[in-house]
Amino acid sequence: MSPRQRMINLMYIVLTAMLALNVSSDVLNGFSQVQSGLQKTTENLTAKNAAQYLYLKQLYDDNPQKVGPWLAAGTQVHESTDSLYKAIETLKIEIARQADGPQADYRNLVNNDDLEASSAWMLNPVTQRGAKLRQAIDAYRKQVLTHITDPDKRKAAEQLLSTAVATPKGSVGPVTWEQVNFENMPVIAAVTFLTHLQTNIRQTESDAMTSIINNIDMGDMRVNSLNAYVIPQSTMIMQGGRYSADIVLAAVDTTKRPRVFVGGREIKNGRYEFSPGGTGNFDYSGYIEVLKADGSMQKYPFKSSYTVIEPMATISPTMMNVLYAGIDNPISISAPGVPMSAITATMTNGTLTRSGDHWVARSGSVGSEAVISVSSTLDGRTQQLGSMTFRVRKLPDPLPFIAYKDASGNTQHYKGGPRRLAKAALMSASGLGAALDDGVLNITYQVVSFSTVFFDSMGNAIPENSAGASFSARQIEQFKRLKVGKSFFITDIKAKGPDGITREIPPMQVTLN
């Protein structure tokens, strides 16, 4: 052939090769749509699996001893899946960058027909990323399949994660899984395949988690007998109230409603209700009649009891048998057989507020009485339960103290002799405090004023006054002059309590050690 003819033939061969390598844009667009759909499916499966794992941990919180081994298995599956999923996500990102550069987004590829990106990244003989991915999938499949007990789901999961491949026609010798899926593959097809692999992994995780949860049998209840049960709303009733109970047959067929009889009288819908007359303990009995498959009737007897009590309420102050004016007095109010939400209470000579199941009474004038009345509202009816009268007293006088820090940094209260106080502790104190702390009440008072009385070497009294709770500068100077073993007095102490009353409280003697 002439050189010209050989050139024409060579150009034809090159053109044919280029046509063979060219992938239809419609096919590429189809891959993009499949990739988008698979991505959404994967995200839904990820959310579902996260909810399953959270439910498994909640079951463990309810019964750690029983669910412990299953939580360990579920955690292993969850963590292995996340690890493999993230590894594949990294491969998708890197393949996209091979095609579109560092700022590539595999969800919006530009050079989606690039035939070299996936081969260059996955089939590199040095890094062998494709082979490592195949090995990771094989290891994951082997681990997760041990947790899927259903044979059909186990077989399906094994097929989803299989890395076995058949030798394509025209190939010389065997080919590997990574060659089939990444060699000369458009980048969009490689990314779509990896997303499909992520979907299969999440689906396998879902099957494994479902199998693990089902094996716990937390809600499995097996019965081997039929028994009649009476389920009352309450076995204690106040006179004037209403008794209500459900009478049921355990494991009954809902398509065959049993008949319930109490005292020879049939009860409609299995609910036994009546209004009791007098107080005391009462018994009743009956039977449940069930139609058997052979047409005969089977009776299941039952018996129960209830108690009718007089309307009553229990009212008691938390601190003591009186109410103190000017402060919050905790009050406990309850009524046997009545839920706390149905109880209401009022108070005279003061206010009564509720905080959850507890009450706080704040009384008014000292020397008078306060009456707390309690009622309940049940079944739309309001009923008086009782009342209690309290005496209102003024708060007791507090005791003065000097607050200081001990060697451990804890705050201590010095309340006077015969105990002695270190001079360093006195010098570190800022002033005088007053409080009522007798084991029942714990109330802080505000010191309004006080005086200190020192004695010189001639026995003459040297008074110093302080307008407020802090030591004055002159008082502090007197403290500095005190020697070990000397004493001084704090007198004319006036303190104001939370009731707003200013009172003069007993003096205290301070002796230095």
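May I ask you to list the lysines whose Cα is less than 24 Å away from that of K483, ignoring any residue fewer than eight positions away on the same chain?
Correct list for K483: K405, K415, K423.
Just order 60-66, 339-345 by mean Cβ neighbour count inside 10 Å, highest at the front, would you? All intermediate terms of the calculation are to be shown ahead of the outcome.
Working: 60-66: 11.1, 339-345: 14.6.
Those peptides, ordered most packed to least, come out 339-345, 60-66.
Mind checking which lysines have their Cα closer than 18 Å to the Cα of K268? Skip sequence neighbours fewer than 8 apart in that chain.
The reachable lysines, counting only those whose Cα sits under 18 Å from K268, are K256, K299, K303.
Convert each backbone phi in the stretch 146-156 into a coupling constant with the Karplus relation 6.51 cos²θ - 1.76 cosθ + 1.60 (shift: θ = phi - 60°), then list the ³J(HN,Hα) values in order as whole Hz, x for Gly and Pro.
5, 9, 9, 8, 6, x, 5, 5, 5, 5, 5
Considering only Cα-Cα distances, which of the following residue pairs are longer than 23 Å: K40/K169; K66/K155; K132/K153; K92/K132; K86/K155; K86/K132? Kindly include the intermediate steps, with their values, before the conclusion.
Numbers: K40/K169 34 Å; K66/K155 28 Å; K132/K153 26 Å; K92/K132 15 Å; K86/K155 25 Å; K86/K132 14 Å.
In this structure, K40/K169; K66/K155; K132/K153; K86/K155 lie more than 23 Å apart at Cα.
Let me check I've understood the local charge: for V187, count other residues with C-beta under 9 angstrom from its C-beta, Lys and Arg +1, Asp and Glu -1. What total comes out? Mind showing how you got there, number by number?
Working: positive: none; negative: D100, D113, D114, E116.
Net local charge, V187 excluded: -4.
Based on the alpha-carbon set only, what is the convex hull volume of the stretch 92-211 divided per residue, in Å³? Display every interim value, and only then the final one.
On the way: hull volume 14.3 nm³, N = 120.
Per-residue hull volume (Cα only) is 119 Å³.
Using the heavy atoms of the protein chains alone and a 1.4 angstrom probe, what is the accessible area of the stretch 414-459 per residue in square angstrom? It would help to have the intermediate numbers written out before the result.
Details: 2410 Å² over 46 residues.
Result: 52 Å² of accessible area for each residue.
Along each of the three principal axes of the Cα atoms of the stretch 318-452, give the extent in whole Å, ordering the values from largest to smallest.
If we take the Cα atoms of the stretch 318-452, the spans are 69, 34, 22 Å.
With θ taken as phi - 60° and the coefficients 6.51, -1.76 and 1.60, list the Karplus ³J(HN,Hα) couplings across the stretch 56-64 in order, rounded to whole Hz; mark glycine and proline as x.
4, 5, 5, 4, 5, 4, 6, 8, x
Express the accessible area of the stretch 40-81 per residue in Å², computed with a 1.4 Å probe while the remaining protein chains stay in the model. Don't skip to the answer; put the middle values down first.
Details: 2490 Å² over 42 residues.
I get 59 Å² per residue for this part.
For the stretch 368-507, which whole-number percentage of the solvent-accessible area (1.4 Å probe, protein heavy atoms only) is attributable to carbon and sulfur atoms? Can you show the working numbers first?
Details: 3920 of 7840 Å².
Solvent-exposed carbon and sulfur of the stretch 368-507 make up 50 percent of the total.
In whole Hz, what ³J(HN,Hα) sequence does the stretch 348-361 give by Karplus (6.51, -1.76, 1.60; θ = phi - 60°), x for Gly and Pro?
9, 6, x, 10, 10, 10, 10, 9, x, 9, 10, 10, 10, 9
Rounded to two decimals, what is the ratio between the C-alpha radius of gyration of the stretch 421-485 and 2.2 N^0.38 Å?
On the way: Rg = 14.0 Å, N = 65, 2.2 N^0.38 = 10.7 Å.
Its radius of gyration relative to the 2.2 N^0.38 Å reference: 1.31.
Probe of 1.4 angstrom, ligands and nucleic acids ignored: what's the accessible area per residue over the stretch 90-151, in square angstrom?
Values: 3410 Å² over 62 residues.
Spelled out: the 1.4 Å probe surface of the stretch 90-151, per residue, equals 55 Å².
If Lys and Arg each add +1 and Asp and Glu each add -1, what is the summed charge of the other residues whose beta carbon sits under 12 Å from the beta carbon of N200? Present the calculation step by step, with values, prior to reporting the outcome.
Details: positive: R141, R202; negative: E158, E205, D207.
After counting each charged neighbour, the total is -1.
The values are calculated or read from the model by the stated rules, or taken from the named source; none is laboratory data. Remember, predicted model here, so these are calculated numbers, not experimental data. Positions of Cβ are generated from backbone atoms using ideal geometry, with glycine treated the same way; all protein chains shown enter the neighbour counts. Remember, those area values only see protein heavy atoms, side chains included, never the ligands or the DNA or RNA. Shrake-Rupley method; radii C 1.70, N 1.55, O 1.52, S 1.80 Å.
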